[in-house]
Amino acid sequence: MGPLQGIRVVEMAGIGPAPFAGMILADLGATVIRIDPPKRPGIGADLMGRGKRAIAIDAKKPGAAELIARIVERSSILIEGFRPGVMERLGLGPSELMAVNPRLIYGRMTGWGQDGPKAARSGHDINYISMSGVLGSIGDEVHGPSIPLNLVGDFGGGGMLLVAGVLAALIESHRTGKGQVVDAAMVDGSLLLMTMIYSMFQEDGWPSGPGNNLLDGGAPFYCTYATKDGRWVAVGALEPQFFKELVEVLDLGERFTTDNQYDQRRWPEMRRAFTERFLRRTRGEWESLFATSDACVTPVLTMGEALDHPFHQERGSFVKVGNLCQPGPAPRFGHYDEEERRLRRELVYDSTGILTEIGVAQDEIDALLGQELVIE
């Protein structure tokens, strides 16, 4: 179920952002067919395989490119995450596949882009976000950059950007009848996510090094604090009305007011006072005290705690996929039964079924399996 019902997507198996994009498209209701190599791809791909079907094809064998083209011919979108030139060497580049399907949206996911001085070079999330200014803006001057997992490059600036691009191109193809190539690069996407921060930096709204600014932990009302039991709370009281509630609950309203909230000369004193106050109670006690407040104070949960937290239990934030709990599909849609939409199945290998759907006769399927061009 979902708004992309009836849209078929071909995903060339890989790891990281392209499988994530395929998972989102499947969550949105698309039929996603993952084309695997004979040896199954890495764990990251399978963990994001929910809602997909897979067929294993040895792309290096004669006839493989033609068989994949037959699947693509009946599809709306193809996504791949290889280095530039790999798909072309397999005979599966845009010119070959768009010749059989002129309306095809050909989504390409790379780190450095399809061209440019680093296009052929290796890299990972950490490298792309280091070059875009993201990594150098997170952390502090004492401990150095803090790595935000691989969320900014791979997933936020990678897979999600690819989804946005292919869906925009799909809408245009319905208007024009023509497909196109979508070049999504993680270095571009991570830069795009920094648009507001770059603007602040150039307008003197980001005047200091990492860890000393408004949104990077520099402001004492936008950072984290340890609690009595050795856990942490997050404070995000940026706006005056939220700050007012914060200092009232902390019983610091006489020392700190909305008039001096943004006076950076007071920030060291404010941080010391907040640090001392939060150490007086446990994280659970602070969570209860701020539960009905707009002070923007929340517990810093571990992943294990988030899985069981009443907030997520009530919202149904997680779904069960096989033996694993995973974050559920997002966003939610008013026209669909969200409970049914959130029933996600594991990746299913269905080589014969996929070939049958595209019109391959059973005797040809048997021959393909016998040649081990297709692996059941």
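Return the residues of region 246-277 that are part of a loop (DSSP other than H, G, I, E, B) and either surrounded by fewer than 13 Cβ atoms within 10 Å (Cβ to Cβ) or in contact with a Leu (Cβ under 8 Å, 6 or more places away or on another chain) (or both); say none if nothing qualifies.
D251, E254, D259, D263
Which one is farthest from the chain's Cα centre (by Cα) among residues in region 82-97 that are within 18 Å of Q180 (Cβ to Cβ) and in contact (Cβ under 8 Å) with a residue 24 or more places away in the chain? Among those residues, the one meeting the criterion is E96.
Here is a check on your reading of the model: is A13 within 22 Å of the chain's Cα centre (by Cα) and either at pLDDT 95 or above or acidic (D, E) (or both)? Criteria not met by A13. Residue count for region 180-189 satisfying the condition of being in contact with a Leu (Cβ under 9 Å, 6 or more places away or on another chain) and not in a strand (DSSP E or B): 3. Among the aliphatic types (A, V, I, L, M) and touching a strand residue (DSSP E or B) at 6+ places or on another chain (Cβ under 9 Å): does that describe V86? Yes: the conditions hold for V86.
For region 58-81, the tally of residues that are free of Cβ contacts under 8 Å to residues at least 60 places away in the same chain and either in a helix (DSSP H, G or I) or among the aromatic types (F, W, Y) (or both) stands at 4.
Taking residues in region 146-170 that are assigned by TED's automatic domain parsing to the domain that holds G14, and partners anywhere that are acidic (D, E) and modelled with pLDDT under 95, the pairs with Cβ atoms closer than 8 Å and at least 6 places apart or on different chains are S146/D140. Tallying residues that are in a helix (DSSP H, G or I), surrounded by fewer than 17 Cβ atoms within 10 Å (Cβ to Cβ) and not acidic (D, E) within region 278-300 yields 3. Which residue out of D204, D229 is free of Cβ contacts under 8 Å to residues at least 40 places away in the same chain, surrounded by fewer than 18 Cβ atoms within 10 Å (Cβ to Cβ), outside any strand (DSSP E or B) and acidic (D, E)? The conditions single out D204.
Within region 127-145, the set of residues being in a loop (DSSP other than H, G, I, E, B), at pLDDT below 95 and over 17 Å from L214 (Cα atoms) comprises V142, H143. Evaluated against (1) in contact with a Lys or Arg (Cβ under 9 Å, 6 or more places away or on another chain); (2) of a type in the set (A, V, I, L, M, F, W, C); (3) not assigned by TED's automatic domain parsing to the domain that holds V72, V360 falls short on exactly one condition, (3).
Would you check which residues across region 280-334 are within 30 Å of T258 (Cβ to Cβ) and among the hydrophobic types (A, V, I, L, M, F, W, C) and list them? Hits for region 280-334 are W286, L289, F290, A291, A295, C296, V297, V300, L301, F311. For first residues located in region 356-376 and under 20 Å from V72 (Cβ atoms), partners that are of a type in the set (D, E, K, R) and lie 6+ apart or on another chain with Cβ distances below 7 Å form the pairs I358/R70; I358/R74; L373/D58; L373/K61.
Kindly indicate the residue of region 346-376 that is part of a helix (DSSP H, G or I) and among the aliphatic types (A, V, I, L, M) and also nearest to the chain's Cα centre (by Cα) among those meeting that condition.
I354
Looking across region 260-271, just one residue is within 36 Å of the chain's Cα centre (by Cα) and among the basic types (K, R), and that is R271. Contact annotation: residue pairs with Cβ atoms under 8 Å, 6 or more positions apart or on different chains, pairing a residue in region 251-268 that is free of Cβ contacts under 8 Å to residues at least 12 places away in the same chain with a partner that is surrounded by 10 or more Cβ atoms within 10 Å (Cβ to Cβ) and in a loop (DSSP other than H, G, I, E, B), are R266/F256; R266/N260.
Among L307, L324, L301, which is the only one that is without any contact (Cβ under 8 Å) to a residue 12 or more places away in the chain, out of contact with any Lys or Arg (no Cβ under 8 Å at 6 or more places or on another chain) and outside the structural domain of L25 (by TED's automatic domain parsing)?
On inspection, the qualifying residue turns out to be L301.
The values are calculated or read from the model by the stated rules, or taken from the named source; none is laboratory data. Just so we're clear, the structure is a prediction, and the values are computed from it rather than from any experiment. Heads up, the Cβs are rebuilt from the backbone with ideal geometry, glycines too, and the neighbour counts pull from every protein chain shown.
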